[in-house]
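K.L.:
Here it is, the structure in full.
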Amino acid sequence: MDSRNKGKGFKLGLNGFGRIGKLTAWHHIGRKFFDEIIVNIGREAGTSISDIAHYLETDSTYGTLHQFLYGQKASSVVNDIDEKNGTIVADGIKIKFLRNSRNPAKIRWSDQGVKLVVETTGQFLDPTLAPDHPGGSVRGHLESGADKVIVSAPFKIADKGKAMPEDVVTTVMGINANDYDPRRHKIVSGASCTTTCLAHMIKPIINYFGSKRILSASMATVHAVTGSQEVLDRLPKTGAKDLRKNRSVMNNIILTTTGAANALRLVIPEMKQIGFIAESVRIPTSTGSLIILVLNLQEEISGESIRRELIKEIYRQAAAEDPKGYLVYSDKQNVSCDIIGMPGVAALIEGHETHTRTAEVTFDLEKVPGLEKDIISSLKEKIIKIPVTQAVIYGWYDNEMGGYVNILGDRTVSAAENM
């Protein structure tokens, strides 16, 4: 992860200081690519910079910053707290906090010498909005001096009649990272933690079988809680439609939605040819999530059925050939805590629980839409049976620091190197 002395004085802008924002700061403090990080909080926090430093240094999921960097015997790496200038030094990296405005157009990155910004608030996801949009816009970062913006979430275009602008792109490292053209693209989405895991799970299958043999696919993510949920039951806001988001995360398994299917089609175009359903279930854990991927694969007319060992071997090979180690294969019996903090792992395949089942699917040709009657009448058999194998594959991922934040850090550094 260490990229020491490669930033050449390059400053990183960071908008938002929630879960992904703080852990992104941790990543780059440890990586040492950027010499300085400018964090826009957009409001006052606590009573002093010391309170913000305390928030940065401690974490209920991952421990303290110094232990994360150097182990259990390490001591604090946060010092030089400057209340007047709003700065601290964390393990040799200067961090400056801005607290005036959350609106990207009003941050004035140019005054800070920032050319690259990571947008982590989750609020500015529509790249079609003008920089001066009253509610704020991701393009406001460009207006206030940045040359590039990395967004830590999938794009969401409110006006469904608008097309994706030419200067934006969605990438998942290790899948379609080269789709990013530094000459053309100004705003880059790193998709989501779930899309990142899912892409690394399904890509080896497409590479081996081809998209035409995947008749259908579905996934459910058993996902840790996020900051958008409530600790205790709360009255819904005006106009709220999903009442489950207002129920206590501590006491419930909560059904919700995921945009992973739409984002997946952006990073793996072959998925447009495959019927795909994506669902999400939130559970009361702080991080460490699981994707259950179900695929229906068409069998060859001759030859052995697709077996469990073949699926496992596909992932073993793909993991062995992954130059970045984003995909990991395991024959161990894992639980969710085992993935927490595992650096740069997009998906850990649980080979122990990979399963397949082959059966024949019956089709009545007389009921197939668009098939001409004279063709049907010329056939001896009106009923055909096609062998189909259903495969169930499990993939673990740390939806915060270990997986998504570290891979987002790779995207950020890669973009910086090409600026």
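K.L.:
Fully extended, how many nm does the chain gain between S110 and E417 (0.36 nm per residue separation, minus their Cα-Cα distance)?
P.N.:
Details: separation 307, 0.36 × 307 = 110.52 nm, distance 1.94 nm.
Taking S110 through E417 to full extension adds about 108.6 nm, to one decimal.
K.L.:
Sticking with this one: Among I157, L310, G18, which residue has its Cα positioned farthest towards the positive end of the charge dipole of the chain, with +1 placed on the Cβ of Lys and Arg, -1 on the Cβ of Asp and Glu, and the dipole taken about the Cα centre?
P.N.:
Farthest towards the positive pole: I157.
K.L.:
Something else now. What is the packing order of peptides 236-244, 207-215, taking the mean over residues of other C-beta atoms within 10 Å and listing the highest first?
P.N.:
Details: 236-244: 8.6, 207-215: 15.7.
Result, highest mean first: 207-215, 236-244.
K.L.:
Further, regarding this structure: To one decimal place, what Kirkwood hydrodynamic radius in Å is obtained for the stretch 255-374 from all pairs of distinct Cα atoms?
P.N.:
Numbers: mean 1/r = 0.0562 Å⁻¹.
It works out to 17.8 Å.
K.L.:
List the lysines whose Cα lies under 19 Å from the Cα of K84, skipping any in the same chain that are fewer than 8 positions away.
P.N.:
Filter leaves K94, K96.
K.L.:
In addition: Could you derive backbone 3J(HN,Hα) for the stretch 374-386 from the dihedral phi with the Karplus parameters 6.51, -1.76 and 1.60 (θ = phi - 60°), listing whole Hz in sequence and x where the residue is Gly or Pro?
P.N.:
So the Karplus estimates, Gly and Pro as x, are 5, 5, 5, 5, 7, 8, 6, 10, 8, 10, 10, 10, 10 Hz.
K.L.:
Please give the FRET efficiency for I383 paired with D167, using the beta carbon to beta carbon distance and R0 = 60 Å, rounded to the nearest 0.05. Can you show the working numbers first?
P.N.:
Values: r = 53 Å, r/R0 = 0.89.
Computed FRET efficiency for I383 and D167: 0.65.
K.L.:
Could you grab the relative contact order for the chain? Cα pairs under 8 Å, six or more apart, rounded to a whole percent. Could the numbers behind the result be given before it?
P.N.:
Numbers: 883 pairs, mean separation 58.2, N = 419.
14 percent.
K.L.:
Charges on Cβ only, +1 for Lys and Arg, -1 for Asp and Glu, centred on the Cα centroid of the chain; of V392, L348, T87, which one is farthest towards the dipole's positive end?
P.N.:
The one lying farthest along the dipole's positive direction is T87.
K.L.:
Once you charge only the Cβ atoms, +1 for Lys and Arg and -1 for Asp and Glu, what is the size of the charge dipole of the chain about its Cα centre, to the nearest 20 debye?
P.N.:
Details: 51 positive and 48 negative charges, 140 e Å.
Here the chain has a charge dipole of around 680 debye.
K.L.:
Something else now. Once both labels are modelled 7 Å past Cα along the beta-carbon direction, what's the T61-S286 spacing in nm?
P.N.:
A separation of 0.9 nm, rounded to one decimal place.
K.L.:
Relative contact order for the stretch 272-419: what percent, with Cα pairs under 8 Å and sequence separation of 6 or more? It would help to have the intermediate numbers written out before the result.
P.N.:
On the way: 224 pairs, mean separation 50.3, N = 148.
The value is 34 percent.
K.L.:
Moving on to the next point. Using Cα positions and a limit of under 19 Å, work out the lysines in reach of K367, with same-chain residues fewer than 8 apart set aside.
P.N.:
Correct list for K367: K380, K382, K385.
K.L.:
Also, I was wondering about something else. Which value does Rg/Rh take for the stretch 309-419 over its C-alpha atoms, Rh per Kirkwood?
P.N.:
On the way: Rg = 22.3 Å, Rh = 17.7 Å.
Across the stretch 309-419, the Cα-based Rg/Rh ratio is 1.26.
K.L.:
Given charges of +1 on the Cβ of Lys and Arg and -1 on the Cβ of Asp and Glu, with all other atoms neutral, how large is the dipole of the stretch 274-419 about its Cα centre, in debye to the nearest 20?
P.N.:
Numbers: 14 positive and 22 negative charges, 46 e Å.
That gives a dipole near 220 debye.
K.L.:
In Å, what Kirkwood hydrodynamic radius results for the chain from the alpha-carbon pair distances? Present the calculation step by step, with values, prior to reporting the outcome.
P.N.:
Details: mean 1/r = 0.0430 Å⁻¹.
23.3 Å is the Kirkwood radius here.
K.L.:
Right, here's the next one. With N set to the number of residues, divide the alpha-carbon radius of gyration of the stretch 292-357 by 2.2 N^0.38 Å and report two decimals. Mind showing how you got there, number by number?
P.N.:
On the way: Rg = 13.7 Å, N = 66, 2.2 N^0.38 = 10.8 Å.
Normalised Rg, Cα atoms only: 1.26.
K.L.:
While we're looking at this one, here's another question. Using the alpha-carbon centroid of each, what span in Å lies between the stretch 279-349 and the stretch 382-419?
P.N.:
9
K.L.:
Let me ask something else. Taking the Cα atoms of the stretch 194-400, what is the range of coordinates along each of the three principal axes, in descending order and whole Å?
P.N.:
66, 46, 28
K.L.:
Relative to the present Cα-Cα distance, how much length would full extension add between K156 and N207 at 0.36 nm per residue of separation? List each step's numbers first, then the result.
P.N.:
On the way: separation 51, 0.36 × 51 = 18.36 nm, distance 2.88 nm.
Here the segment from K156 to N207 would lengthen by 15.5 nm.
K.L.:
Listed highest first by mean packing, meaning other Cβ atoms within 10 Å per residue, what order do 81-90, 50-59 come in? Write down the numbers at each step before the final one.
P.N.:
Details: 81-90: 15.0, 50-59: 16.7.
Ranking the peptides 81-90, 50-59 by packing returns 50-59, 81-90.
K.L.:
Still on this model: Roughly speaking, what is the stretch gain from E300 to D374, that is 0.36 nm per residue apart minus the C-alpha to C-alpha distance, in nm to one decimal? Kindly include the intermediate steps, with their values, before the conclusion.
P.N.:
Working: separation 74, 0.36 × 74 = 26.64 nm, distance 2.76 nm.
Stretched fully, the E300-D374 segment lengthens by 23.9 nm.
K.L.:
For the stretch 11-165, how big is Rg over Rh, using alpha carbon atoms and the Kirkwood form of Rh?
P.N.:
Details: Rg = 16.1 Å, Rh = 16.1 Å.
Result for the stretch 11-165 is an Rg/Rh of 1.00.
K.L.:
Order these peptides, 65-74, 292-301, by their mean beta-carbon neighbour count within 10 angstrom, highest first. Present the calculation step by step, with values, prior to reporting the outcome.
P.N.:
Values: 65-74: 14.2, 292-301: 17.0.
With the highest mean Cβ count within 10 Å placed first, the list reads 292-301, 65-74.
K.L.:
Let me ask something additional. If I take all pairs of Cα atoms in the stretch 142-294, what percentage of them are more than 26 Å from each other?
P.N.:
Numbers: 4373 of 11628 pairs.
Cα-Cα pairs of the stretch 142-294 separated by over 26 Å account for 38 percent.
K.L.:
What FRET efficiency do you get for D364 and I253 if R0 is 30 Å and r is their Cβ-Cβ distance, rounded to the nearest 0.05?
P.N.:
Details: r = 40 Å, r/R0 = 1.32.
FRET efficiency, D364 to I253: 0.15.
K.L.:
To continue, here is another question. About its Cα centre, how strong a charge dipole does the stretch 18-127 have in debye, to the nearest 20, once Lys and Arg get +1 and Asp and Glu get -1 at the Cβ? Write down the numbers at each step before the final one.
P.N.:
Values: 14 positive and 13 negative charges, 41 e Å.
With only Lys, Arg, Asp and Glu charged at Cβ, the dipole is about 200 debye.
K.L.:
Mark the label point 7 Å from the Cα of R184 along Cα→Cβ and return the residues of the stretch 154-169 whose backbone N is within less than 18 Å of it.
P.N.:
Within reach of a label on R184, which here means backbone N under 18 Å from a point 7 Å along Cα→Cβ, the stretch 154-169 contributes 163-169.
Readers should treat all values here as calculations from the given coordinates under stated rules, not as data from a laboratory. Predicted, not measured: the structure shown is a model, and the values here were computed from it. Cβ coordinates were reconstructed from backbone atoms using ideal geometry, including for glycine residues, and neighbour counts include every protein chain displayed.
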